[in-house]
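Notes follow once the structure below has been shown.
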Amino acid sequence: MKKSLLYIVLSIALLASIGINIYQAFWDDDSYLQSTEEIYIMEAGILYNNLEFSDGKDIELTYDFLNDDYAVLKEKYNLEKTAGDGSEFEKAVRLMDEFSPRLKHKSNYDNHIKMGALSLLEYSLDKKSSGINCRAKAQILNEMCLSLGIFSRKVWIMPNSRYDGDCHVVNEVWDSTLDKWVMLDITNNEYWIDENGAPLSILEIREKGANQEFCTPVVADEEIEDVQKLKENHIGDFLYIMKNMFYMEYCDNYTVGESETIYLLFPENLPTDYEYIISENSVSRPPVD
């Protein structure tokens with residue numbers, strides 16, 4: 001009887017010890033694995049050490065506003081009414097906010113549908129069984145913006161680790177009022193702002209992240225009075241985008257579908273034998289009419 005009691009006591013103590021260890025490893029707020037601040041410090045350090053880009057080719061990216069698909073796209077999906085009036089950025093945000101919730105995300109989508117907005121929308125819009133990935137969603141928004149005469153481009157934002165096969169694809173639109181490029185993330189229905197609520201470009205987000213200056217994603221229809229609270233609410237998206245800010249990929253021409261030539265904006269610290277390296281000036285300056 002005494003031995004049985006002893007075994008019970010020892011078993012309880014053992015289980016308690018295991019439970020404490022599990023808690024400390026996975027749920028304890030002091031654990032490194034649970035610290036978003038530690039993760040950001042790591043990401044910021046990687047960006048800071050690779051902040052400067054290689055001297056690449058100085059080229060003009062081109063934008064097609066005359067494709068025959070645009071007229072069909074505008075009429076079928078009522079784009080002019082949805083976009084409304086205002087700046088290019090404001091119009092693009094309204095388009096993003098309308099269509100983002102209606103496109104189910106599927107990260108392992110196999111890109112079997114033709115890479116064009118009309119085909120992708122026919123396949124996926126309002127169809128929960130037909131999810132598409134960020135690359136396809138960005139293509140849809142890009143063609144919508146181009147159809148309305150808005151300079152818009154699809155950009156791959158890429159991670160540092162060779163073991164990380166997960167990247168992200170976003171859009172940038174040129175806003176003539178702000179006189180700058182602004183990033184839109186249709187997958188998350190978000191754009192990014194600084195501490196004053198000013199919308200940010202991809203390169204501005206990257207630089208602020210590297211220098212640990214304030215920036216945050218914001219959902220299209222959210223109020224932006226309390227920017228600190230916004231960052232807390234969207235810390236997962238914040239860390240995900242920062243992870244994917246190591247280098248960028250651009251098409252040489254933006255139109256229906258994707259061009260074959262892809263340019264990399266690549267850190268100068270790392271060697272690469274890739275042929276098409278673009279200069280930072282090529283993607284930060286205003287587009288040419």
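The values are calculated or read from the model by the stated rules, or taken from the named source; none is laboratory data. Please read these numbers as outputs of a predicted model, since none were measured by experiment. Positions of Cβ are backbone-derived with ideal geometry, glycine not excepted, and every protein chain shown enters the neighbour counts. The protein model used for the area step is the full one, side chains on, heavy atoms only, and it has no ligands, DNA or RNA in it. Shrake-Rupley method; radii C 1.70, N 1.55, O 1.52, S 1.80 Å.
So, of the residues in the range 88-101 that are open to solvent by 70 Å² or more (accessible area, probe 1.4 Å) and among the charged types (D, E, K, R), which turns out to be farthest from Ser152 (Cα to Cα)? Once the filter is applied, the top-ranked residue is Glu98. Where in the range 60-131 are the helices (runs of 4 or more DSSP H), entirely inside, with at least 2 residues that are among the aromatic types (Phe, Trp, Tyr) and farther than 16 Å from Val256 by Cα? In the range 60-131, 88-99 are the helices (runs of 4 or more DSSP H) which contain 2 or more residues that are among the aromatic types (Phe, Trp, Tyr) and farther than 16 Å from Val256 by Cα.
How many residues does the range 272-289 hold that are open to solvent by 40 Å² or more (accessible area, probe 1.4 Å) and within 19 Å of Met183 (Cα to Cα)?
So the first thing to find is which residues in the range 272-289 are open to solvent by 40 Å² or more (accessible area, probe 1.4 Å), and the list is 272-276, 280-281, 284-286, 288-289.
If we keep only those that are within 19 Å of Met183 (Cα to Cα) as well, we get 280-281, 284-286, 288.
Number of matching residues: 6.
Taking each residue of the range 144-164 that is assigned to a loop (DSSP other than H, G, I, E, B) and looking for partners that are of a type in the set (A, V, I, L, M) with beta-carbon atoms closer than 7 Å, six or more apart or interchain, yields Leu148/Leu79; Leu148/Ala83; Ile150/Ala92; Ile150/Val173; Phe151/Val173; Asn160/Ile46. Taking the criterion of being basic (Lys, Arg) and farther than 20 Å from Asn171 by Cβ, the residues of the range 54-91 that qualify are Lys57, Lys76, Lys81.
If you go through the range 231-283 and keep only what is over 16 Å from the mean Cα position of the chain (by Cα) and charged (D, E, K, R), you end up with Glu232, Asp252, Glu258, Glu260, Glu268, Asp273, Glu275, Glu280. With respect to (1) open to solvent by 30 Å² or more (accessible area, probe 1.4 Å); (2) of a type in the set (S, T, N, Q); (3) assigned to a strand (DSSP E or B), the lone exception for Asn171 is condition (1). Of the residues making up the range 234-271, those that are free of Cβ contacts under 8 Å to residues at least 40 places away in the same chain, part of a loop (DSSP other than H, G, I, E, B) and either open to solvent by 30 Å² or more (accessible area, probe 1.4 Å) or at positive phi (or both) number 3. Before we move on, is Glu213 acidic (Asp, Glu) and at pLDDT 95 or above? When the stated conditions are applied, Glu213 passes them. Note on the range 205-219: residues that are surrounded by fewer than 17 Cβ atoms within 10 Å (Cβ to Cβ) and either polar (S, T, N, Q) or within 12 Å of the chain's Cα centre (by Cα) (or both) amount to 2.
Checked against the criterion of being more than 25 Å from Phe99 (Cβ to Cβ), of a type in the set (S, T, N, Q) and assigned to a helix (DSSP H, G or I), the candidates Gln228, Gln212 yield just one match: Gln228. Cβ-Cβ distances below 6 Å connect the following pairs, each with a first residue in the range 170-195 that is polar (S, T, N, Q), a second residue that is in a loop (DSSP other than H, G, I, E, B) and surrounded by fewer than 21 Cβ atoms within 10 Å (Cβ to Cβ), and a separation of six or more residues or different chains: Thr177/Ser87; Asn189/Ala220. If you check Glu207, Glu232, Glu195 for being within 26 Å of Gly56 (Cα to Cα) and of a type in the set (Asp, Glu), only one passes: Glu207. Confirm whether Tyr63 is open to solvent by less than 60 Å² (accessible area, probe 1.4 Å), modelled with pLDDT of 95 or more and in contact with a strand residue (DSSP E or B) (Cβ under 7 Å, 6 or more places away or on another chain). Considered against the rule, which asks whether it is open to solvent by less than 60 Å² (accessible area, probe 1.4 Å), modelled with pLDDT of 95 or more and in contact with a strand residue (DSSP E or B) (Cβ under 7 Å, 6 or more places away or on another chain), Tyr63 comes out as yes.
Conditions (1) hydrophobic (A, V, I, L, M, F, W, C); (2) farther than 28 Å from Ser161 by Cβ, marked per residue:
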{"site": "Met183", "(1), (2)": "yes, no"}
{"site": "Glu190", "(1), (2)": "no, no"}
{"site": "Glu195", "(1), (2)": "no, yes"}
{"site": "Ala198", "(1), (2)": "yes, yes"}
{"site": "Arg206", "(1), (2)": "no, no"}
{"site": "Glu213", "(1), (2)": "no, no"}
{"site": "Lys231", "(1), (2)": "no, no"}
{"site": "Asn244", "(1), (2)": "no, no"}
{"site": "Thr261", "(1), (2)": "no, no"}
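Filtered by the rule that a residue be farther than 30 Å from Asp179 by Cβ, open to solvent by less than 80 Å² (accessible area, probe 1.4 Å) and either touching a residue at least 12 places away in the same chain (Cβ under 8 Å) or touching a Ser or Thr at 6+ places or on another chain (Cβ under 9 Å) (or both), the range 102-120 gives Arg102, Leu103, Tyr109, Asn111, Ile113, Met115, Gly116, Leu118, Leu120.
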